[in-house]
Amino acid sequence: MSDSQPRPTDLRPPEFVVTKDDPFGSDQLHREESVKSLCQVIENAAGPLVVSVEGAYGTGKSSFLQMCAAHLEGPAARTVEFNAWQQGHTGRPLIDLVAALTAELDEEGSWDSVKETAKQIGWRAAAILSKGLIARNESADASVFDDWLDIESNVSKFRTSLRAQVDALKGNLVVFVDELDRCEPTYALDLLNKARHLFDVPGVVIVFGVNRAELGHAVETLYGVECDVDGYLRRFVDLSMQLRQPTDEEWASYVSNTCLSLAEHSSSELQQASHIIRDLLILVANNCGGRLRDVEQVVRHANLALPSRRYERIWPIWVVCLLALRYVDRDSYQRFAKGLVDVWEILLTMRRHLPLGGEGRLMRLDAIVLLLPVEANVPYDQDEFVAQYTAVRPGQDDEARSAHELYLRLSPMADFSGPRTLPALYETIEIATQN
(Lines give C-alpha, C1' and ligand atoms only; values in the text may rest on other atoms or scores of the structure.)
Protein backbone atom coordinates (compact mmCIF):
# COMPACT_ATOMS: atom_id res chain seq x y z
CA MET A 1 0.00 0.00 0.00
CA SER A 2 1.41 3.40 -0.95
CA ASP A 3 1.85 6.19 1.54
CA SER A 4 -0.84 8.24 -0.22
CA GLN A 5 -3.51 5.60 0.28
CA PRO A 6 -5.48 5.46 3.53
CA ARG A 7 -4.71 2.48 5.68
CA PRO A 8 -7.73 0.39 6.72
CA THR A 9 -7.92 0.28 10.50
CA ASP A 10 -9.26 -2.65 12.46
CA LEU A 11 -10.64 -1.12 15.65
CA ARG A 12 -11.40 -4.36 17.44
CA PRO A 13 -9.42 -7.54 18.02
CA PRO A 14 -11.19 -10.71 16.94
CA GLU A 15 -13.93 -12.00 19.21
CA PHE A 16 -12.86 -14.54 21.83
CA VAL A 17 -13.56 -17.89 20.18
CA VAL A 18 -14.22 -21.08 22.13
CA THR A 19 -14.99 -24.44 20.55
CA LYS A 20 -16.12 -27.67 22.16
CA ASP A 21 -13.25 -29.50 20.48
CA ASP A 22 -10.68 -27.09 21.93
CA PRO A 23 -12.16 -25.09 24.83
CA PHE A 24 -8.80 -23.60 25.83
CA GLY A 25 -7.34 -22.81 22.43
CA SER A 26 -7.72 -19.07 23.03
CA ASP A 27 -6.83 -19.13 26.73
CA GLN A 28 -4.07 -16.51 26.95
CA LEU A 29 -4.34 -15.94 30.71
CA HIS A 30 -3.81 -19.59 31.70
CA ARG A 31 -7.20 -20.07 33.29
CA GLU A 32 -7.62 -23.65 32.16
CA GLU A 33 -6.87 -25.08 35.61
CA SER A 34 -9.40 -22.77 37.30
CA VAL A 35 -12.04 -23.60 34.69
CA LYS A 36 -11.55 -27.33 35.11
CA SER A 37 -11.68 -27.02 38.89
CA LEU A 38 -15.03 -25.24 38.76
CA CYS A 39 -16.37 -27.66 36.17
CA GLN A 40 -15.53 -30.59 38.44
CA VAL A 41 -17.60 -29.02 41.23
CA ILE A 42 -20.49 -28.49 38.82
CA GLU A 43 -20.37 -32.04 37.46
CA ASN A 44 -20.39 -33.49 40.98
CA ALA A 45 -23.26 -31.31 42.22
CA ALA A 46 -26.00 -33.64 43.49
CA GLY A 47 -28.52 -30.93 44.27
CA PRO A 48 -29.30 -27.46 42.94
CA LEU A 49 -26.38 -25.05 42.97
CA VAL A 50 -25.89 -21.31 42.35
CA VAL A 51 -22.33 -20.14 41.63
CA SER A 52 -20.94 -16.65 41.12
CA VAL A 53 -17.75 -16.07 39.13
CA GLU A 54 -16.63 -12.61 40.23
CA GLY A 55 -14.33 -10.06 38.68
CA ALA A 56 -14.20 -6.38 37.80
CA TYR A 57 -15.47 -5.06 34.49
CA GLY A 58 -13.33 -6.23 31.58
CA THR A 59 -11.34 -8.86 33.49
CA GLY A 60 -12.40 -11.77 31.29
CA LYS A 61 -15.48 -13.14 33.06
CA SER A 62 -17.29 -13.77 29.78
CA SER A 63 -14.34 -15.67 28.33
CA PHE A 64 -14.09 -17.72 31.53
CA LEU A 65 -17.79 -18.67 31.34
CA GLN A 66 -17.50 -19.56 27.66
CA MET A 67 -14.59 -21.91 28.37
CA CYS A 68 -16.57 -23.48 31.22
CA ALA A 69 -19.56 -24.07 28.97
CA ALA A 70 -17.48 -25.61 26.21
CA HIS A 71 -15.53 -27.83 28.62
CA LEU A 72 -18.69 -29.06 30.38
CA GLU A 73 -20.84 -29.74 27.34
CA GLY A 74 -21.25 -33.48 26.93
CA PRO A 75 -23.04 -36.52 28.37
CA ALA A 76 -22.59 -35.30 31.96
CA ALA A 77 -24.05 -31.82 31.42
CA ARG A 78 -26.21 -29.78 29.07
CA THR A 79 -25.22 -26.12 28.97
CA VAL A 80 -27.15 -22.97 28.08
CA GLU A 81 -25.59 -19.51 27.86
CA PHE A 82 -27.78 -16.49 28.65
CA ASN A 83 -26.53 -12.93 28.15
CA ALA A 84 -28.77 -10.94 30.48
CA TRP A 85 -27.85 -7.62 28.89
CA GLN A 86 -28.29 -8.63 25.24
CA GLN A 87 -31.16 -11.11 25.66
CA GLY A 88 -33.26 -9.19 28.19
CA HIS A 89 -35.80 -8.48 25.46
CA THR A 90 -39.04 -8.38 27.46
CA GLY A 91 -37.72 -6.70 30.60
CA ARG A 92 -39.08 -9.64 32.63
CA PRO A 93 -36.14 -11.76 33.84
CA LEU A 94 -38.01 -15.04 34.23
CA ILE A 95 -39.56 -14.84 30.76
CA ASP A 96 -36.23 -13.86 29.17
CA LEU A 97 -34.31 -16.64 30.91
CA VAL A 98 -36.87 -19.36 30.20
CA ALA A 99 -37.20 -18.21 26.57
CA ALA A 100 -33.44 -18.46 26.05
CA LEU A 101 -33.29 -21.82 27.82
CA THR A 102 -36.17 -23.41 25.95
CA ALA A 103 -35.03 -22.03 22.59
CA GLU A 104 -31.74 -23.88 23.13
CA LEU A 105 -33.34 -27.11 24.40
CA ASP A 106 -36.65 -27.14 22.53
CA GLU A 107 -35.73 -30.22 20.54
CA GLU A 108 -34.90 -32.15 23.71
CA GLY A 109 -38.34 -32.91 25.14
CA SER A 110 -41.43 -30.76 25.51
CA TRP A 111 -40.85 -27.53 27.42
CA ASP A 112 -44.39 -26.20 26.95
CA SER A 113 -45.33 -26.70 30.59
CA VAL A 114 -42.20 -24.88 31.78
CA LYS A 115 -42.94 -21.94 29.48
CA GLU A 116 -46.62 -21.79 30.41
CA THR A 117 -46.08 -21.78 34.16
CA ALA A 118 -43.30 -19.20 33.80
CA LYS A 119 -45.77 -16.97 31.95
CA GLN A 120 -48.39 -17.47 34.65
CA ILE A 121 -46.00 -16.52 37.42
CA GLY A 122 -45.00 -13.28 35.71
CA TRP A 123 -44.30 -10.16 37.70
CA ARG A 124 -46.63 -11.07 40.56
CA ALA A 125 -44.13 -13.54 42.01
CA ALA A 126 -41.55 -10.87 42.80
CA ALA A 127 -42.94 -9.81 46.17
CA ILE A 128 -43.75 -13.37 47.26
CA LEU A 129 -40.39 -14.94 46.44
CA SER A 130 -38.31 -12.06 47.81
CA LYS A 131 -40.35 -11.77 51.00
CA GLY A 132 -41.46 -8.33 49.86
CA LEU A 133 -37.99 -6.93 49.06
CA ILE A 134 -38.48 -6.48 45.33
CA ALA A 135 -42.01 -5.06 45.56
CA ARG A 136 -44.40 -4.44 48.42
CA ASN A 137 -48.16 -4.77 48.45
CA GLU A 138 -49.77 -3.40 51.54
CA SER A 139 -53.33 -3.92 50.33
CA ALA A 140 -55.69 -5.67 52.75
CA ASP A 141 -57.92 -6.85 49.93
CA ALA A 142 -58.66 -10.57 50.14
CA SER A 143 -57.63 -11.00 46.51
CA VAL A 144 -53.97 -10.72 47.47
CA PHE A 145 -54.29 -14.06 49.27
CA ASP A 146 -55.77 -15.59 46.15
CA ASP A 147 -52.83 -14.16 44.21
CA TRP A 148 -50.43 -15.73 46.68
CA LEU A 149 -52.08 -19.16 46.39
CA ASP A 150 -52.15 -18.90 42.61
CA ILE A 151 -48.49 -17.95 42.43
CA GLU A 152 -47.48 -20.64 44.90
CA SER A 153 -49.30 -23.23 42.82
CA ASN A 154 -47.61 -22.09 39.64
CA VAL A 155 -44.20 -22.03 41.31
CA SER A 156 -44.71 -25.65 42.34
CA LYS A 157 -45.82 -26.56 38.80
CA PHE A 158 -42.82 -24.75 37.33
CA ARG A 159 -40.33 -26.65 39.50
CA THR A 160 -42.08 -29.97 38.83
CA SER A 161 -42.06 -29.38 35.08
CA LEU A 162 -38.45 -28.21 35.11
CA ARG A 163 -37.32 -31.20 37.13
CA ALA A 164 -39.04 -33.60 34.71
CA GLN A 165 -37.26 -32.00 31.77
CA VAL A 166 -33.89 -32.00 33.55
CA ASP A 167 -34.29 -35.68 34.44
CA ALA A 168 -34.94 -36.40 30.78
CA LEU A 169 -31.63 -34.72 29.85
CA LYS A 170 -29.76 -37.42 31.83
CA GLY A 171 -27.24 -34.94 33.13
CA ASN A 172 -27.03 -31.62 34.93
CA LEU A 173 -28.52 -28.56 33.28
CA VAL A 174 -25.98 -25.75 33.64
CA VAL A 175 -27.17 -22.23 32.86
CA PHE A 176 -24.45 -19.57 32.47
CA VAL A 177 -25.76 -16.04 33.08
CA ASP A 178 -23.44 -13.29 31.89
CA GLU A 179 -23.46 -9.46 31.88
CA LEU A 180 -25.80 -9.27 34.87
CA ASP A 181 -24.06 -6.19 36.25
CA ARG A 182 -24.76 -4.23 33.04
CA CYS A 183 -28.53 -4.57 33.52
CA GLU A 184 -30.84 -2.19 35.34
CA PRO A 185 -30.70 -2.78 39.13
CA THR A 186 -34.28 -4.04 39.40
CA TYR A 187 -33.77 -6.46 36.48
CA ALA A 188 -30.47 -7.78 37.82
CA LEU A 189 -31.72 -8.43 41.34
CA ASP A 190 -35.02 -9.88 40.13
CA LEU A 191 -33.09 -12.29 37.90
CA LEU A 192 -30.92 -13.36 40.83
CA ASN A 193 -34.07 -13.88 42.87
CA LYS A 194 -35.88 -15.90 40.22
CA ALA A 195 -32.86 -18.08 39.47
CA ARG A 196 -32.35 -18.83 43.16
CA HIS A 197 -35.96 -19.70 44.01
CA LEU A 198 -37.57 -21.00 40.83
CA PHE A 199 -34.60 -23.02 39.54
CA ASP A 200 -33.95 -24.60 42.93
CA VAL A 201 -34.25 -28.07 41.42
CA PRO A 202 -31.85 -31.05 41.68
CA GLY A 203 -29.63 -31.21 38.62
CA VAL A 204 -29.85 -27.48 37.86
CA VAL A 205 -26.74 -25.32 38.26
CA ILE A 206 -26.84 -21.56 37.67
CA VAL A 207 -23.48 -19.83 37.13
CA PHE A 208 -23.47 -16.02 37.24
CA GLY A 209 -20.62 -13.91 35.92
CA VAL A 210 -20.77 -10.78 38.08
CA ASN A 211 -18.96 -7.63 39.03
CA ARG A 212 -19.70 -7.78 42.74
CA ALA A 213 -18.99 -4.07 43.25
CA GLU A 214 -21.48 -3.05 40.54
CA LEU A 215 -24.05 -5.53 41.84
CA GLY A 216 -23.54 -4.03 45.28
CA HIS A 217 -24.33 -0.59 43.84
CA ALA A 218 -27.56 -2.05 42.45
CA VAL A 219 -28.54 -3.29 45.91
CA GLU A 220 -27.75 0.10 47.43
CA THR A 221 -29.77 1.85 44.73
CA LEU A 222 -32.86 -0.10 45.70
CA TYR A 223 -32.43 -0.48 49.45
CA GLY A 224 -30.14 2.34 50.50
CA VAL A 225 -26.46 2.63 51.40
CA GLU A 226 -27.12 1.23 54.88
CA CYS A 227 -28.10 -2.13 53.40
CA ASP A 228 -25.86 -5.10 54.21
CA VAL A 229 -24.82 -5.69 50.59
CA ASP A 230 -22.70 -8.81 51.18
CA GLY A 231 -25.35 -10.33 53.42
CA TYR A 232 -28.03 -9.64 50.84
CA LEU A 233 -26.07 -11.17 47.95
CA ARG A 234 -25.13 -14.25 49.98
CA ARG A 235 -28.81 -15.18 50.04
CA PHE A 236 -28.65 -16.04 46.37
CA VAL A 237 -25.27 -17.73 45.96
CA ASP A 238 -23.98 -21.06 47.29
CA LEU A 239 -20.43 -20.77 46.00
CA SER A 240 -18.37 -17.72 45.01
CA MET A 241 -15.22 -17.78 42.90
CA GLN A 242 -12.95 -14.75 42.41
CA LEU A 243 -11.03 -14.55 39.13
CA ARG A 244 -7.31 -14.55 39.78
CA GLN A 245 -5.29 -11.49 38.76
CA PRO A 246 -2.97 -12.42 35.86
CA THR A 247 0.77 -12.61 36.47
CA ASP A 248 3.21 -10.41 34.55
CA GLU A 249 4.06 -13.34 32.29
CA GLU A 250 0.37 -13.95 31.53
CA TRP A 251 -0.13 -10.26 30.85
CA ALA A 252 2.86 -10.36 28.49
CA SER A 253 1.26 -13.23 26.57
CA TYR A 254 -2.12 -11.54 26.46
CA VAL A 255 -0.79 -8.14 25.40
CA SER A 256 1.44 -9.68 22.74
CA ASN A 257 -1.47 -11.57 21.26
CA THR A 258 -3.69 -8.50 21.44
CA CYS A 259 -1.12 -6.58 19.42
CA LEU A 260 -0.80 -9.44 16.95
CA SER A 261 -4.58 -9.71 16.58
CA LEU A 262 -4.62 -6.11 15.33
CA ALA A 263 -1.43 -6.46 13.32
CA GLU A 264 -2.94 -7.25 9.91
CA HIS A 265 -4.08 -3.67 9.40
CA SER A 266 -2.00 -1.93 12.05
CA SER A 267 0.93 0.32 11.31
CA SER A 268 4.27 -1.29 10.60
CA GLU A 269 5.80 1.06 13.16
CA LEU A 270 3.52 -0.31 15.86
CA GLN A 271 4.47 -3.87 14.98
CA GLN A 272 8.22 -3.16 14.89
CA ALA A 273 8.19 -1.68 18.39
CA SER A 274 5.97 -4.43 19.81
CA HIS A 275 8.43 -5.68 22.46
CA ILE A 276 8.77 -2.26 24.09
CA ILE A 277 5.08 -1.45 23.68
CA ARG A 278 4.19 -4.75 25.30
CA ASP A 279 6.10 -3.80 28.44
CA LEU A 280 4.37 -0.42 28.60
CA LEU A 281 0.97 -2.08 28.24
CA ILE A 282 1.77 -4.55 31.01
CA LEU A 283 2.35 -1.59 33.31
CA VAL A 284 -1.00 -0.13 32.25
CA ALA A 285 -2.69 -3.50 32.74
CA ASN A 286 -1.39 -3.83 36.28
CA ASN A 287 -2.47 -0.28 37.06
CA CYS A 288 -6.00 -0.73 35.74
CA GLY A 289 -6.68 -3.77 37.91
CA GLY A 290 -6.61 -6.36 35.16
CA ARG A 291 -9.26 -4.93 32.85
CA LEU A 292 -8.51 -6.53 29.51
CA ARG A 293 -10.72 -4.11 27.61
CA ASP A 294 -8.68 -1.13 28.79
CA VAL A 295 -5.52 -2.65 27.36
CA GLU A 296 -7.27 -3.37 24.07
CA GLN A 297 -8.46 0.24 23.97
CA VAL A 298 -4.91 1.56 24.35
CA VAL A 299 -3.80 -0.71 21.48
CA ARG A 300 -6.67 0.50 19.28
CA HIS A 301 -5.88 4.13 20.01
CA ALA A 302 -2.20 3.56 19.25
CA ASN A 303 -3.18 1.95 15.97
CA LEU A 304 -5.41 4.90 15.10
CA ALA A 305 -2.69 7.39 16.00
CA LEU A 306 -0.34 6.03 13.31
CA PRO A 307 -2.54 6.19 10.22
CA SER A 308 -0.10 6.69 7.35
CA ARG A 309 3.28 8.04 6.30
CA ARG A 310 1.63 11.21 5.02
CA TYR A 311 1.82 12.43 8.59
CA GLU A 312 4.98 13.62 10.26
CA ARG A 313 6.99 10.64 11.41
CA ILE A 314 6.22 9.89 15.02
CA TRP A 315 7.90 7.25 17.11
CA PRO A 316 5.13 4.77 18.05
CA ILE A 317 6.60 4.31 21.52
CA TRP A 318 5.91 8.00 22.21
CA VAL A 319 2.29 7.37 21.24
CA VAL A 320 1.84 4.46 23.62
CA CYS A 321 3.72 6.23 26.41
CA LEU A 322 1.47 9.30 26.22
CA LEU A 323 -1.64 7.14 25.84
CA ALA A 324 -0.60 5.36 29.04
CA LEU A 325 -0.12 8.72 30.78
CA ARG A 326 -3.49 9.89 29.46
CA TYR A 327 -5.10 6.78 30.87
CA VAL A 328 -3.56 6.81 34.35
CA ASP A 329 -3.51 10.60 34.96
CA ARG A 330 -5.48 12.75 32.52
CA ASP A 331 -4.64 15.98 34.34
CA SER A 332 -0.87 15.41 34.14
CA TYR A 333 -1.22 14.48 30.48
CA GLN A 334 -3.01 17.75 29.70
CA ARG A 335 -0.56 19.86 31.72
CA PHE A 336 2.40 18.22 29.99
CA ALA A 337 0.90 18.84 26.55
CA LYS A 338 0.50 22.53 27.46
CA GLY A 339 4.12 22.77 28.61
CA LEU A 340 3.22 23.33 32.27
CA VAL A 341 5.32 20.42 33.54
CA ASP A 342 8.56 18.85 32.30
CA VAL A 343 9.56 15.27 31.58
CA TRP A 344 11.04 14.80 35.04
CA GLU A 345 7.69 15.45 36.65
CA ILE A 346 6.04 13.11 34.17
CA LEU A 347 8.60 10.46 35.11
CA LEU A 348 7.53 10.79 38.75
CA THR A 349 3.85 10.70 37.78
CA MET A 350 4.27 7.52 35.78
CA ARG A 351 6.31 5.96 38.56
CA ARG A 352 3.60 6.81 41.07
CA HIS A 353 0.78 5.37 38.99
CA LEU A 354 2.62 2.38 37.55
CA PRO A 355 4.50 0.85 40.48
CA LEU A 356 4.31 -2.75 39.28
CA GLY A 357 5.85 -4.77 36.52
CA GLY A 358 9.48 -5.34 37.47
CA GLU A 359 12.47 -3.02 37.58
CA GLY A 360 13.51 -3.75 34.00
CA ARG A 361 10.22 -2.45 32.65
CA LEU A 362 10.33 0.58 34.93
CA MET A 363 13.84 1.48 33.76
CA ARG A 364 12.67 1.29 30.16
CA LEU A 365 9.69 3.45 31.05
CA ASP A 366 12.01 6.07 32.57
CA ALA A 367 14.12 6.19 29.42
CA ILE A 368 11.09 6.50 27.12
CA VAL A 369 9.59 9.32 29.19
CA LEU A 370 12.86 11.24 29.10
CA LEU A 371 12.95 10.82 25.31
CA LEU A 372 9.53 12.43 24.80
CA PRO A 373 9.65 15.13 22.09
CA VAL A 374 10.09 18.28 24.16
CA GLU A 375 12.83 20.86 24.43
CA ALA A 376 14.01 19.40 27.72
CA ASN A 377 17.56 19.52 28.95
CA VAL A 378 18.10 15.79 29.45
CA PRO A 379 21.89 15.33 29.23
CA TYR A 380 23.66 12.52 27.44
CA ASP A 381 26.59 12.66 29.85
CA GLN A 382 26.16 9.98 32.52
CA ASP A 383 27.23 12.08 35.51
CA GLU A 384 24.97 14.95 34.54
CA PHE A 385 22.11 12.54 33.81
CA VAL A 386 22.52 10.79 37.18
CA ALA A 387 22.62 14.16 38.94
CA GLN A 388 19.33 15.26 37.40
CA TYR A 389 17.70 11.87 37.94
CA THR A 390 18.64 11.68 41.60
CA ALA A 391 17.50 15.26 42.11
CA VAL A 392 13.93 14.04 41.53
CA ARG A 393 14.46 10.52 42.90
CA PRO A 394 17.01 10.88 45.71
CA GLY A 395 19.15 7.88 46.57
CA GLN A 396 18.40 6.02 43.32
CA ASP A 397 21.89 6.17 41.82
CA ASP A 398 21.84 2.60 40.49
CA GLU A 399 18.46 3.11 38.83
CA ALA A 400 19.71 6.38 37.37
CA ARG A 401 22.65 4.65 35.71
CA SER A 402 20.41 1.87 34.36
CA ALA A 403 17.96 4.42 32.99
CA HIS A 404 20.84 6.35 31.39
CA GLU A 405 22.08 3.22 29.64
CA LEU A 406 18.63 2.56 28.18
CA TYR A 407 18.24 6.23 27.33
CA LEU A 408 21.37 6.12 25.17
CA ARG A 409 20.34 2.82 23.60
CA LEU A 410 16.87 4.07 22.61
CA SER A 411 17.89 7.57 21.52
CA PRO A 412 18.82 6.58 17.94
CA MET A 413 15.39 5.02 17.47
CA ALA A 414 13.65 8.21 18.62
CA ASP A 415 15.94 10.46 16.56
CA PHE A 416 15.36 8.36 13.46
CA SER A 417 11.63 9.03 13.69
CA GLY A 418 12.00 12.67 12.81
CA PRO A 419 11.65 16.07 14.44
CA ARG A 420 10.64 16.19 18.08
CA THR A 421 7.32 18.02 18.06
CA LEU A 422 5.08 17.47 21.05
CA PRO A 423 2.15 19.48 19.60
CA ALA A 424 2.00 17.18 16.56
CA LEU A 425 2.11 14.12 18.81
CA TYR A 426 -0.56 15.52 21.12
CA GLU A 427 -2.84 16.41 18.19
CA THR A 428 -2.44 12.94 16.70
CA ILE A 429 -3.37 11.27 19.99
CA GLU A 430 -6.37 13.53 20.57
CA ILE A 431 -7.74 12.78 17.10
CA ALA A 432 -7.27 9.03 17.65
CA THR A 433 -8.90 8.99 21.09
CA GLN A 434 -12.05 10.70 19.84
CA ASN A 435 -12.98 7.47 18.07
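Overview of results
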| quantity | calculated |
| --- | --- |
| Qualifying lysines (Cα of each under 19 Å from Cα of Lys61; at least 8 residues distant if same chain) | Lys20, Lys36 |
| Cβ-based net charge around Ser161, under 13 Å, with every Lys or Arg adding one and every Asp or Glu removing one | +2 |
| Per residue accessible area in Å² of the range 9-114, where ligands, DNA and RNA are left out and the probe is 1.4 Å | 48 Å² |
| Burial ranking of peptide ranges 174-181, 87-94 (average Cβ count within 10 Å, highest at the top) | 174-181, 87-94 |
| Probe 1.4 Å, protein heavy atoms only - accessible area per residue of the range 181-254 in square angstrom | 42 Å² |
| For peptides 386-398, 33-45, sequence by mean Cβ density within 10 Å, most packed first | 33-45, 386-398 |
| Over 18 Å (Cα to Cα) - which of Lys157/Lys194; Lys115/Lys194; Lys115/Lys170; Lys115/Lys157 fall in this group | Lys115/Lys170 |
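The values are calculated or read from the model by the stated rules, or taken from the named source; none is laboratory data. Keep in mind the model is a prediction, meaning the values are calculated, not measured. Heads up, the Cβs are rebuilt from the backbone with ideal geometry, glycines too, and the neighbour counts pull from every protein chain shown. In case anyone asks, the SASA skips ligands and DNA or RNA and just uses the protein heavy atoms, side chains included. Shrake-Rupley method; radii C 1.70, N 1.55, O 1.52, S 1.80 Å.
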